[in-house]
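Chemist: Below is one structure. I have some questions about it.
The values are calculated or read from the model by the stated rules, or taken from the named source; none is laboratory data. Just so it is clear, the model here is predicted, and its values are computed rather than measured. Note: ideal-geometry Cβ built from the backbone for every residue, glycine included; neighbour counts use all protein chains shown. With ligands, DNA and RNA removed, areas are computed over all heavy atoms of the protein, side chains included. Shrake-Rupley method; radii C 1.70, N 1.55, O 1.52, S 1.80 Å.
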Amino acid sequence: MIQLSAVAKTFADQQVIAPTDLTIDRGQFVSLVGPSGCGKSTLLRLIAGLEEATSGQLVIDQQPPAKMQTAFVFQDPTLLPWRTTHDNIRLPLELLGQADAQHLAKIPSAIRLVGLRDEDSRKLPRMLSGGMRMRVSLARALVTDPQVLLLDEPFAALDDILRQQLNEELLAIWKQRGWTGVFITHNVAEAVFLSQRVLVMSARPGRIIADVPIEFDAPRNADLRATAEFAAQCGVVSHHLRKGAA
Ligand SMILES: Nc1ncnc2c1ncn2[C@@H]1O[C@H](COP(=O)(O)OP(=O)(O)OP(=O)(O)O)[C@@H](O)[C@H]1O
């Protein structure tokens, strides 16, 4: 469980995040939407332990976040160009001192989990499409079996159909692996499709102004996007977004 109690963040006298209380249950998938610059990435970095709160307390399963196993996926896949798919995915295991046979054996299943083929494991990033590079980035995050997966606009650079396909695959992986997910997006439909809750932040200093439960049953697929209920949920989130940006 991720728990924030009155967590605030200030950079050089400018408050970016106003005191915020938030609880995210273990295994929940939550999206974070809000106007540009409202502090979404900063909140994610606080959860990852990459930034320290200026005040308040943030714990994951009662521990400070730096001690927990979290993994990040960014919009830019940031693959090392001289390393193959396999060796890019191997990198976090090396950094964690886990480059032993038992851990390395997880790489082929991570490659298959994200929809890549075994032969892709020998390719360099320049030989892969944008979507395939994002899959490698996702596999690199998942190979360490994180408890918390933090995703900062991972699919923003991809075309819409591929983005929808990756949304569906991400949900299937989440169901299978059960990590806690915190997903930043500017796309309301993406947030509603993926999440059990959509948190809406206000303009800076960021505050959570709405916590919208999304209760669609599994499986969530392309048919769901075409329903009136889905459009209505997107409308609710958009309404809060407009209020928060004002
Ligand atoms: N390390 C830092 N030092 C100083 N200011 C920072 C730092 N990191 C973020 N900021 C500022 O904090 C504010 C919030 O940034 P953040 O990236 O969290 O917003 P965001 O909601 O993710 O934005 P976007 O949607 O455009 O990606 C911005 O004004 C940014 O310039």
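Chemist: Report, by chain and number, residues whose modeled amide H sits under 5 Å from the one on Met201, excluding near sequence neighbours (fewer than 5 apart, same chain).
Modeler: Residues meeting the criterion, in which the H sits 1.01 Å from N, are Val33, Gly34, Ile209.
Chemist: Ok, one more. Can you tell me the dipole magnitude for the chain around its Cα centre, using point charges on the Cβ only (Lys, Arg +1; Asp, Glu -1), in Debye to the nearest 20?
Modeler: Details: 26 positive and 26 negative charges, 65 e Å.
So the magnitude is around 320 debye.
Chemist: Sorted from largest down, give the three principal axis spans of the alpha carbons of the chain, whole angstrom values.
Modeler: Projected onto the principal axes, the Cα atoms of the chain cover 50, 42, 29 Å.
Chemist: If you don't mind, another one. So what is the relative contact order for the chain, in percent, with contacts set as C-alpha pairs under 8 Å and at least six apart? Walk me through the numbers before you get to the answer.
Modeler: Numbers: 452 pairs, mean separation 66.1, N = 246.
RCO, the chain: 27 percent.
Chemist: Which residue, Ala203, Ala12, Ala110, has the most motion in a Gaussian network model of the chain that connects Cα atoms within less than 10 Å?
Modeler: Ala12
Chemist: Now, a different point. For the chain, take the longest principal axis of its alpha carbons; what is the angle in degrees between that and the long axis of helix 85-95, to the nearest 10 within 0 to 90?
Modeler: 70
Chemist: Per residue, what accessible area does the chain have, given a 1.4 Å probe and all protein chains present, in Å²? Can you show the working numbers first?
Modeler: On the way: 11420 Å² over 246 residues.
For the chain, the per-residue accessible area is 46 Å².
Chemist: Give me the percent of accessible area attributable to carbon and sulfur for the chain, probe 1.4 angstrom.
Modeler: Working: 5800 of 11420 Å².
Reported share for carbon and sulfur atoms: 51 percent.
Chemist: Give the ranking of Glu94, Glu190, Glu215 by solvent-accessible surface, highest area first, calculated with a 1.4 Å probe. List each step's numbers first, then the result.
Modeler: On the way: Glu94 65, Glu190 5, Glu215 150 Å².
Result, largest first: Glu215, Glu94, Glu190.
Chemist: Heavy atoms only, 1.4 Å probe, whole protein assembly: order Phe216, Phe230, Phe11 by accessible area, highest first. Provide the component values of the computation, followed by the final result.
Modeler: Values: Phe216 40, Phe230 10, Phe11 80 Å².
Largest to smallest exposure gives the sequence Phe11, Phe216, Phe230.
Chemist: Report the one residue of Val143, Leu171, Ser195 whose Cα lies farthest in the direction of the positive end of the charge dipole of the range 50-201 (charges on C-beta: Lys and Arg +1, Asp and Glu -1; origin at the Cα centre).
Modeler: Val143
Chemist: Need one value: the accessible area of Thr180 in square angstrom, 1.4 angstrom probe, rounded to the nearest 10.
Modeler: Approximately 10 Å² of Thr180 is accessible to the 1.4 Å probe.
Chemist: Round to the nearest 10 and report in Å² the accessible area of His86, as given by a 1.4 Å probe over the protein chains' heavy atoms.
Modeler: Here the residue's solvent-accessible area equals roughly 60 Å².
Chemist: Using only the alpha-carbon atoms of the range 106-246 as identical scatterers, what base-10 log of I(q)/I(0) does the Debye formula give at q = 0.12, 0.14 Å⁻¹?
Modeler: Taken in order of the listed q values, log10 I(q)/I(0) reads -0.54, -0.72.
Chemist: If you build the convex hull over the alpha carbons only and average its shadow over all orientations, what do you get for the range 80-146? Give it in nm² to one decimal.
Modeler: Details: hull surface 16.1 nm².
The directionally averaged projection comes out at 4.0 nm².
Chemist: Please give the calculated 222 nm ellipticity per residue for the chain, where each DSSP H segment of at least 4 residues contributes -39500 (n - 2.57) and the sum is spread over every residue; nearest 500 deg cm²/dmol? Write down the numbers at each step before the final one.
Modeler: Values: 9 runs with 92 residues, N = 246.
Here the helix-only value at 222 nm equals -11000 deg cm²/dmol.
Chemist: If you only keep lysine pairs separated by 8 or more in sequence, or across chains, how many in the chain come under 21 Å at the Cα atoms? Provide the component values of the computation, followed by the final result.
Modeler: Values: Lys9/Lys40; Lys9/Lys67; Lys40/Lys243; Lys106/Lys123; Lys106/Lys175.
Qualifying lysine pairs in the chain: 5.
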